Each structure stands twice: as C-alpha cells, then as structure tokens.
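Participant: Pasting in a structure now, in structure tokens, and then I'll have a few things to ask.
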Amino acid sequence: MCGIIGCLGDKIEPGLAQNMSNMLRHRGPDSQGEWREGDVWLAHRRLAIIDLSKTGHQPMVSPCGRYALTYNGEIYNYKLLRNELQSEGCTFNSSSDTEVALFACMKWGVETACKRFEGMFAFGFYDKVERTLCLARDPMGIKPLYYSHSGSRFAFSSELSPLLKLPWIDSSINEEGLFYYFRYLCVPAPISIINGAKKLPSGSILTFKNDKTTIFTYWDLEKVSAQARQAVQPISLSEATQELETKLTRSVQQHMQSDVPYGAFLSGGIDSSVIVALMQQASNHPVKTFSIGFKEQSHDESEAARKVASHLGTDHHEMILGAEDMIGLVPTVMDMFDEPFADNSSIPTYLVSKFARENVTVCLSGDGGDELFGGYPRYFWANRIEKIRKWLTPAGSKALASLLHLAPTVFWDKLVNPALGYRYSGSDGLARRVERFGAYVGSNRQLAYANTMSVWNNPSQLLDFTPTQTRGPETHCYPNYLWSEEMMLIDQWNYLQDDILTKVDRASMAVSLEARVPLLTHTMVEWSWQLDSSLKLAERGDRGKLVLRELLNKYVPSELIDRPKQGFGMPIEKWLRGPLKDWAESLLQPSDLTSSGLRSDIVKKIWDEHQSGQNRQAMLWSVLMYRQWQQRLGTG
C-alpha cells in the first residue's frame with residue numbers, strides 16, 4: 001500500500017514538496033520518489049508488497065516517456081492482465097502490478113483499464129503530450145483520494161493533510177461537511193471538511209485538462225444492483241453456498257498474493273472467520289491471525305476468536321486490554337484522521353493493526369459481510385416493522401415508539417440487558433438498540449433510516465446552521481426495493497465507504513499495514529445482489545448472512561459462531577464518567593466550544609445527562625473528536 005500526491009499548474013518548491021511527501025510517510029515507509037515535468041509534480045511513498053525490488057519504484061514512467069503513474073493499491077488479477085498485455089506487445093521490466101496498471105491505461109485507456117481491474121486502487125495517470133491528468137478510484141472506495149482545484153491549479157493526495165500545506169487552498173470549514181459529520185460521525189463523500197477540497201467518488205474517473213475538471217462514473221453501484229436484481233434466479237441455499245465458496249475462495253487466494261508476510265484479523269464473528277477458514281484451506285502452513293479483547297464482558301470477543309482459531313489451526317495472537325491500557329491512547333490515536341471522525345471502533349482497529357504489524361505487513365479483513373449479506377439488526381427489523389404497520393395505524397406506530405422511549409437508559413442497560421445475558425445489546429448497549437427500534441417504528445420509511453442512523457438527529461441545534469443540500473444517506477431512496485434491501489444499498493454507498501473503509505484504511509496505514517478486504521471486489525458485490533433476500537435474512541429470529549453462515553458451517557461448528565453481534569467498540573460510555581472524564585471536560589470548556597462554533601449550552605446539557613446515567617456517549621464523542629481535530633490543526 002502507498003501514499004500518492006501530485007500538483008499541476010503550480011511549481012511546488014522542493015522544500016514544500018518534501019514536506020508534503022513526508023506527511024504520507026506512514027503510508028509508504030520503504031521508499032519515496034517524485035517526477036517533475038514543467039509545472040507538473042507527482043510523488044509517491046511506497047510500502048513494498050509485490051516486487052520488492054527497485055523496478056517497482058514510483059512514480060513509474062512509460063518506456064516512451066509520455067506517461068507517468070503514481071499508484072496506490074493492489075490489482076489482484078494483475079497476472080492475468082499482464083499476460084494479455086504481453087500478447088498485445090507490451091514488454092515488462094518488473095513483476096509489479098504497478099507496471100500492469102501503467103500499460104493497461106496506456107493500451108486500453110483509463111476507463112477500460114479500471115473496468116478490468118479487480119482490486120483496490122487510487123491513482124494519478126498523466127499524459128504529458130495531451131497535458132491531461134486522470135485520477136481514478138476503485139468501485140467500492142476502499143482506497144481514498146482527495147483533490148483540490150482552483151483556476152489553473154490542481155492537486156491531489158491520498159490524505160487531506162498534505163493539501164492543507166498548499167498556499168492557495170481554501171482551508172475554511174465546510175459547514176455542510178460539519179453538519180453531516182455530527183449527523184453520521186464522518187464527513188460524507190464527495191465533500192470534505194474544508195471548502196477547498198473534495199473526495200473523488202468511488203467508481204469514478206476525474207479528468208483535468210485545460211484548467212477544467214470532468215468526472216465520469218465507470219462503475220455505478222445503483223445501476224449494478226438494479227441490473228443484478230432483475231437477473232435473480234431462484235436457487236437453493238445449498239446452491240448459493242456452493243457458488244459463494246467458489247467465488248470467495250478465488251478472491252481470498254488472490255488477496256493472499258504477497259512478497260511479504262501476511263495474516264488476518266479474526267474477531268470470531270462470521271465474516272472474519274469465513275475469510276480465515278478459506279485462507280487456512282488454501283495455505284500449507286498455519287495462517288497468522290490477530291485479535292484483541294477487552295476485560296469488559298460486553299465488549300470482549302477474544303474467547304470466541306480463540307476458539308475459532310484453535311479449531312482452524314491458525315497461528316493465533318491475541319492481546320487483552322483494560323481501561324488502563326486504553327486511556328492514554330484515546331486522546332492521541334485519533335490524530336491519524338485528517339477529518340473529524342467519531343466512530344470509536346477506530347481505536348481498537350488501530351490497536352489490532354499495530355499488534356498485527358509486529359508480525360506481518362498485510363492483513364486480510366472480513367469487512368463488507370454485514371452490508372452485502374444482511375448482518376445488521378436494522379435489516380431484520382425492517383421487514384418485520386413493515387408487517388407491524390399493516391395492522392397498526394400511523395398513530396399506533398408513534399404510540400408504540402413513544403412507549404419504548406419512556407423507559408430510561410438504566411432500565412434497558414442495567415436491568416433488562418444483564419437479564420437477557422447481553423444477547424441483544426451490542427457494543428452501544430441495549431438502550432441504544434431499543435431507541436433505534438422505536439425510531440424505525442415511529443417514522444415513515446423515507447425518514448426512518450436517517451433518523452435511526454443519526455447521532456445528532458438535528459445538528460442545527462448544536463451548530464446554528466441548516467444546510468441547503470442533502471448529503472450522505474439522505475440523498476438515496478429506493479422505494480422499489482424491499483426496505484431491508486434499500487438499507488443495504490444505502491449502507492454500501494455511505495456507511496461502508498465513508499465510515500468502515502475509511503476507518504480501516506487510516507488505522508492500518510497509520511502503522512504501515514496493508515489491510516485487504518476480499519468480500520469487496522466489485523465482482524463479489526455484483527454477485528451478492530443476484531441473491532434473493534431469503535438467502536440473506538431469516539424470516540424469524542435475528543439471523544442474517546444465511547449464505548455466509550452456511551459456508552462457514554462447512555469449516556467451523558455453528559456453536560462457535562452463533563452468538564449475539566457485538567460490534568468492535570469500546571466501553572466509552574463508562575469511561576466518560578470515570579477515567580476519561582477529566583480529559584473530556586478539558587475539551588468541553590464553554591469558551592472553547594463557542595469559539596469552535598458549537599452551542600456550549602447544548603453540549604453542557606448532553607454532558608450532564610450522560611453523567612446522570614443516560615447514554616449520550618455517541619453525541620459527546622462526536623463533539624470531543626471535533627474539538628481534538630481542531631486542536632491538532634491549531635484552530636481549537
């Protein structure tokens with residue numbers, strides 16, 4: 001994995017160029033390179049994974065000298081494409097996938113090349129004859145790419161921070177970005193937290209020529225899902241399982257290609273266990289697996305991971321953490337994000353990445369299974385709530401929602417949750433799930449997703465600002481889909497890309513670890529939409545991912561897997577009343593909140609409610625992470 005950066009139309013001084021490149025060193029500590037042509041500067045930081053020799057050095061220039069490429073990612077079918085390009089007359093000097101990407105763009109054009117690539121990537125491809133720059137990003141947005149355009153000047157980077165060093169960039173806060181950050185814990189693409197930069201949408205190609213930019217979508221998730229749903233063929237669960245095994249085995253084997261040590265994250269859940277099972281099936285030696293756990297029972301999955309690892313025979317590594325191990329990290333780990341980001345599972349993701357990096361350079365992950373195959377409770381609830389509404393009037397639905405909200409947080413989390421053995425709570429507590437369920441029941445379908453996924457349902461009360469344009473999940477509506485399918489598609493567009501994949505990229509890259517996601521090749525995504533909903537969601541019980549479960553049962557006994565979904569978070573709710581309280585209060589001083597553009601009276605109210613026993617950790621954490629981001633930039 002690597003860091004890429006470039007600038008056109010403005011000669012970057014060597015000192016500034018080196019500084020900007022150094023800011024991406026964590027993404028590529030093995031080597032650095034740059035290429036200059038007049039007012040064009042491309043640079044690269046390399047984490048060597050395939051072809052460790054100097055022949056894989058970047059930016060890579062074509063033999064004719066016309067084209068230059070700075071590239072981040074992995075193309076897993078590069079050997080097949082290489083053979084095809086050789087048959088068309090290309091002569092290769094390296095065994096790297098970078099050279100395959102370069103020749104593919106030269107011979108076939110950037111659009112066709114991107115459609116042929118299977119993998120994760122973001123790159124800049126420059127044609128010095130046409131004076132044209134093309135930026136491209138993989139179909140699911142696994143790898144990040146920011147850009148900025150001002151008149152004749154254009155710049156791009158794997159992360160936002162280096163662009164802030166440009167003297168011409170508008171670094172003022174994007175109020176829409178801030179509003180939707182507080183709503184969904186992250187800034188939704190294509191905007192960023194500043195007015196002067198944007199994110200290239202997934203599955204897109206940007207062309208910069210004659211001081212103008214155009215963006216073209218070469219892979220459209222909405223169209224792909226619609227076409228796949230029309231082609232759904234009735235097949236049995238066993239037939240679907242066999243197809244999944246064939247396709248996912250191929251993907252896993254491709255993702256295991258590496259010239260450096262590799263392993264896998266293992267939580268003991270369905271998704272990571274499936275990936276590890278197929279890795280071990282394809283390996284001649286025990287696969288290295290990594291997990292971390294917490295001393296708090298409600299957040300610990302280490303025992304489950306240990307049992308799965310033992311059954312599969314992996315070389316398992318685990319680390320158990322307590323509050324004393326985490327407290328000092330919380331205020332500093334979030335510095336790895338260049339935009340405000342408030343998903344607290346980023347901290348354990350960082351820790352397991354750091355732990356794994358002591359042994360390997362590449363780690364496979366099970367991310368994407370929930371969104372593709374129906375793993376979240378909101379998918380189970382959706383179809384049931386639609387049935388409930390058939391015999392409840394709108395007034396009755398709202399009355400039921402109100403009734404669920406009447407019981408205080410302590411009732412659900414301190415009384416009901418332990419009595420149920422924490423089977424339905426997840427990392428946010430049972431009260432949060434009940435709150436979401438009530439919001440689904442009490443809202444119409446069009447508003448339910450936004451209301452239940454929002455942290456601040458109305459960030460305007462915190463910011464005194466109301467956007468004129470909708471962003472993120474609120475821009476999507478698919479009434480012709482089952483409600484559960486609609487939410488899966490919205491999640492794939494938004495939550496998966498803006499939150500989950502952003503978290504995995506930044507947390508792993510912060511320690512120079514390459515994280516790979518075999519479930520999220522575009523071919524796997526397309527195939528998932530060809531499956532009928534009945535192969536994903538059970539009609540009764542909180543059971544999703546039926547086809548994944550069926551596949552895993554071939555390798556791991558069901559009793560090792562069947563347990564409540566916990567998520568990968570931390571007991572932040574508890575810590576904000578204890579060991580993190582002083583740190584939090586230092587960031588929530590009324591004068592500092594006001595200077596940050598936040599309503600200090602609203603924040604104080606939420607803080608007091610949390611200290612009194614109500615669970616307001618998600619709202620508070622979003623404020624704390626924004627304040628910390630401001631401090632890091634020297635503006636807070």
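Participant: Show me 541-549, 314-322, 99-107, 13-21 ranked by packing, highest mean number of other Cβ atoms within 10 Å first.
Facilitator: Answer by packing, highest mean first, reads 99-107, 541-549, 314-322, 13-21.
Participant: Next up: With only alpha-carbon pairs counted, each pair once and no self-pairs, how large is the Kirkwood hydrodynamic radius of region 478-617 in angstroms?
Facilitator: For region 478-617, the Kirkwood estimate is 19.5 Å.
Participant: Strictly over 21 Å apart at the Cα level, which of K288/K536; K581/K604; K198/K503; K11/K212; K79/K107; K115/K143 would you flag in this model?
Facilitator: K288/K536
Participant: Taking the Cα centroid of region 200-264 and of region 4-79, what is the distance between the two, rounded to the nearest whole Å?
Facilitator: 26
Participant: May I pose another question? Is region 101-241 rounded, prolate or oblate when judged by the Cα gyration tensor, a ≥ b ≥ c being the square roots of its eigenvalues, rounded requiring a/c under 1.5 and prolate requiring a/b larger than b/c?
Facilitator: oblate
Participant: Then there is this: Which order do the peptides 168-177, 506-515 take when ranked by the mean count of other beta-carbon atoms within 10 Å per residue, highest first?
Facilitator: 506-515, 168-177
Participant: Run the numbers for R389 and E324: contour at 0.36 nm per residue of separation, minus the present Cα-Cα distance, in nm.
Facilitator: 18.7 nm
Participant: Something else about it: Under the rule a/c < 1.5 gives rounded, and otherwise a/b versus b/c splits prolate from oblate, where does region 455-541 land using the Cα gyration tensor?
Facilitator: Because a/c hits 1.5 or more and a/b fails to exceed b/c, region 455-541 counts as oblate.
Participant: Computed on alpha carbon atoms, what radius of gyration and Dmax characterise the chain, expressed in Å?
Facilitator: 24.1, 72
Participant: At what distance in nm do the modelled label points of I173 and V232 sit from each other, each positioned 7 Å from its Cα along Cα→Cβ?
Facilitator: Using points 7 Å along Cα→Cβ, the separation is 4.4 nm.
Participant: Mind ordering 228-237, 519-528 by average Cβ neighbours within 10 Å, highest first?
Facilitator: 519-528, 228-237
Participant: Right, next: How large is the helix-only mean residue ellipticity at 222 nm for the chain, computed as the sum of -39500 (n - 2.57) over DSSP H runs with n ≥ 4, divided by its residue count, in deg cm²/dmol to the nearest 500?
Facilitator: -12000 deg cm²/dmol
Values quoted throughout were computed directly from the atomic coordinates according to the rules given, and no laboratory measurement underlies them. Bear in mind the structure is a predicted one, so any value in this text is a computation, not a measurement. Cβ sites come from the backbone with ideal geometry, for glycine too, and all protein chains shown count toward neighbours.
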